[in-house]
1. Name the single residue, out of those in the range 312-334 being touching a residue at least 60 places away in the same chain (Cβ under 8 Å) and surrounded by fewer than 16 Cβ atoms within 10 Å (Cβ to Cβ), that is nearest to PRO491 (Cα to Cα).
2. Take the residues in the range 435-463 that are among the aliphatic types (A, V, I, L, M) and touching a Leu at 6+ places or on another chain (Cβ under 9 Å); name whichever of them is modelled with the lowest pLDDT.
3. Residues to consider are TYR556, TYR543, TYR551; find the one that is surrounded by fewer than 19 Cβ atoms within 10 Å (Cβ to Cβ) and within 25 Å of GLY122 (Cβ to Cβ).
4. Give TYR396, TYR476 a once-over and let me know the one that is open to solvent by 40 Å² or more (accessible area, probe 1.4 Å), of a type in the set (Phe, Trp, Tyr) and under 28 Å from MET506 (Cβ atoms).
5. List pairs: first in the range 153-182 and small (Gly, Ala, Ser), second open to solvent by 70 Å² or more (accessible area, probe 1.4 Å) and assigned to a loop (DSSP other than H, G, I, E, B), Cβ under 6 Å, 6+ apart or cross-chain?
6. Assess whether ARG411 counts as being closer than 30 Å to VAL339 by Cβ, surrounded by fewer than 19 Cβ atoms within 10 Å (Cβ to Cβ) and in contact with a Leu (Cβ under 7 Å, 6 or more places away or on another chain).
7. What's the number of the condition SER482 fails, among (1) out of contact with any helix residue (DSSP H, G or I) (no Cβ under 6 Å at 6 or more places or on another chain); (2) modelled with pLDDT of 95 or more; (3) more than 16 Å from ILE354 (Cα to Cα); (4) assigned to a loop (DSSP other than H, G, I, E, B)?
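The values are calculated or read from the model by the stated rules, or taken from the named source; none is laboratory data. Since the model is a prediction, treat every value here as computed from it, not as a measurement. Note that each Cβ is placed from the backbone with ideal geometry, even for glycine, and that neighbours are counted across all protein chains shown. The protein model used for the area step is the full one, side chains on, heavy atoms only, and it has no ligands, DNA or RNA in it. Shrake-Rupley method; radii C 1.70, N 1.55, O 1.52, S 1.80 Å.
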Amino acid sequence: MKYGFVNVAAAVPMVKVADVEYNVQQVESIIAQAEGRGVEVIVFPELCLTGYTCQDLFKEQLLLDRAEEAVLMLLDFTRKLDIVSIVGTPIIINGLLYNCAVIIQGGSIMGIVPKTYLPNYGEFYEKRWFASAQDLNPADIFYAGGTIHVSAEPQLFVTGDGMKFGVEICEDVWAPIPPSNNLALAGADIIFNLSASDELIGKHAYLKSLLAQQSARTISGYVYASSGFGESTQDVVYGGNAMLFENGKLLVEGSRFSLQPQIQMCQIDIEKLRAERRENTTFINAQRGAHAIETNLKHAAPRDFELTRDIDPHPFIPKSDDMQASCEEILNIQVAGLVKRLYHINAQKAVIGISGGLDSTLALLVTVKAFDQLNISRKGIIGITMPGFGTTDRTYHNALKLMETLGVTIREISIAKAVTQHFEDIGQNPKIHDITYENSQARERTQILMDVANKENAIVVGTGDLSELALGWATYNGDHMSMYGVNAGVPKTLIRHLVSFVAGEMATDTLLDIIDTPISPELIPADEQGNIKQKTEDLVGPYELHDFFIYYFLRYGFSPKKIFLLAQRAFCTPSIVNGREQLYTEDVVKKWLTTFCRRFFTQQFKRSCLPDGPKVGSVSLSPRGDWRMPSDASYNIWLKECEGL
């Protein structure tokens, strides 16, 4: 230390999932750069040597063996270096697998820190593969060519110049009592966190606040490195966070969603932190225990309950003070997911069915941004309009104008002839507009997209959204299917909002007209005036109601009775929404809540085999992530409660 300052860094390398040799090369390159820039301690993301998103590959012995070999390579690489490197890797200890941080300096392992708190909710299920530090019995293990003692006790690392630091891993800092609390009280000047936190709407702001609070509460430096580009975007996206704090103040922050490796470094004033701790008597007193005090609250006689707090009718719409930043973050998550998928398969082309509706519009906008970020010509995006029996002039011309404005390749393939032949083949009367009539068209469109993608060596970008998936408003193996669904985590109300945001940026009348167009699959012929006859919200209900139901049903597991109570407050009292008074009767809310419960359960079979797509907000229906439900689950108790409303 010079004048109490320590040079520290957070690194975000590019990784390839399960490609340990590639990953260790990336880590070595960053260590060399950091050493050359005078960094004393550098931290890498969680499980950076294997990739965090290996899932059940963590059960494979070969991957674990290669990870240990990677640590051996790092020991050899750092043999003549002074820098302390903290890397993440899976390690077997006493027959159990642990998610660990390995602290390396000068060709030696200073220590191994296993993760304590394993997230097993939402998109996370680490307990499937790893044991917690709470399960660890102290042991001397032979690892990476040497013997080292491993335990769950707090470990304090001391550098040659007297700086003390501790290590915790990702979820540890989200715990009510993080390990860093004890580490700081034991004397740690700086806490290093190896993380793999995915991106969701509003999560970054919350994370930044959490880390700032923890740094302030422990009067410490806090250095945080989280996984970025290269991790799997099967269902979620990793933005690559690198943040360094000092006593609650953010000193340096990296660039999220970067395609390049990052090293974010700064100087933390250890002398200043130690002075603050000496001055703060509360910090000293915190080492003492706490006494529990019971209250003697007496409950008054029961009375009728009245909900008086305001309930947001559109919970999926961001309420950030900076609405532009919120919309950009959502789009960045979608774009980052598609960029990774295109990069991984080395695809230079994408195929999208463009209907002139909201969903395909947003999917096209996301794809354009992804191609621009990868420096691929937009002409590699093949937008296909496929007019059928229900296509109106309005949506047809909007589709063409949108593609022309964005500069993508435009193709038109009518499905009328092929579907008519199909009707003849299967004996379907074209005058009977039943489910066969509708789904045959949707499946023909999907076949066209898939076959063109094969022919062009392209990827089919799906357009379906979260609201449609919840209601099952998609044709099984039709528009239900794609090679990557960029809208899978975005509900309908949010899609309208995002397209409105882009419309404001582009200042195009086409997008504004698409926003005003009634939502429809356009599978039934138009009326005599050529207008859309088949309106989705007339058939399944208003999407703003369904999105409200989806949010509280999935996010909190509320019962129909409670959802109805909240909906009454949000929708059954006069309120102004988007400049107009929005009011539903209680009977209308009951009707569509019942419809939602019935459709949600009966349509699970479609969600059980969804294509990959990024999680965007706090709600996801991925069968591999947040929502795992049997397709034959009974809906009886939910419908029974709806009937009693």
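1. Per the criteria, the residue is ASP312.
2. ALA442
3. TYR556
4. TYR396
5. Listed pairs, sorted by first residue: ALA175/TYR117.
6. Spelling it out, it is not the case that ARG411 is closer than 30 Å to VAL339 by Cβ, surrounded by fewer than 19 Cβ atoms within 10 Å (Cβ to Cβ) and in contact with a Leu (Cβ under 7 Å, 6 or more places away or on another chain).
7. The number of the failed condition is (3).
Per-residue answers, yes or no, for (1) under 30 Å from SER622 (Cβ atoms); (2) open to solvent by 60 Å² or more (accessible area, probe 1.4 Å); (3) β-branched (Val, Ile, Thr):
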| position | (1), (2), (3) |
| --- | --- |
| TYR121 | yes, yes, no |
| ALA144 | no, no, no |
| GLU153 | no, yes, no |
| LEU156 | no, yes, no |
| LYS164 | no, yes, no |
| GLU171 | yes, no, no |
| ILE177 | no, yes, yes |
